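Reviewing the structure listed below.
Values in this text are rule-based calculations from the coordinates and carry no lab data. Keep in mind the model is a prediction, meaning the values are calculated, not measured. Virtual Cβ from ideal backbone geometry, glycine too; neighbours counted across all protein chains shown.
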Amino acid sequence: MPIRIRLEDIMSKNKVSLNELSQKVGITLSNLSIIKNEKSKAIRLSTLDALCRALDCQPGDIMKYVEDETDDLSSGKSISS
């Protein structure tokens, strides 16, 4: 997946545990763990907002685009084909 979640890095930098972040953000420990372990397919903007507020960071600190060599776009195929 070309979007990488770097939540664990930000949590470590801010010295905050998964339990503590779960309480601050207001989402279940299970759902936060899914996000942290890059198992989620989507993240609500309201959740991203809450994470950024709790961790005093920007969305780009949590998520990073990484080019995927197997991606159709990088192989020259157009989206419409």
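Annotations for the structure displayed:
- Lys/Arg +1, Asp/Glu -1 at C-beta; the range 3-65 dipole; positive extreme among Ile43, Leu18, Pro59: Ile43
- Computed over neighbours whose Cβ is under 14 Å from that of Lys15, the net charge equals -2, Lys and Arg +1, Asp and Glu -1.
- Between Ser17 and Cys57, the distance separating the two model label sites (each 7 Å from Cα on the Cα→Cβ line) works out to 1.9 nm.
- Rg [Å, one decimal], Dmax [Å, integer] - the range 3-65, C-alpha atoms: 10.2, 28
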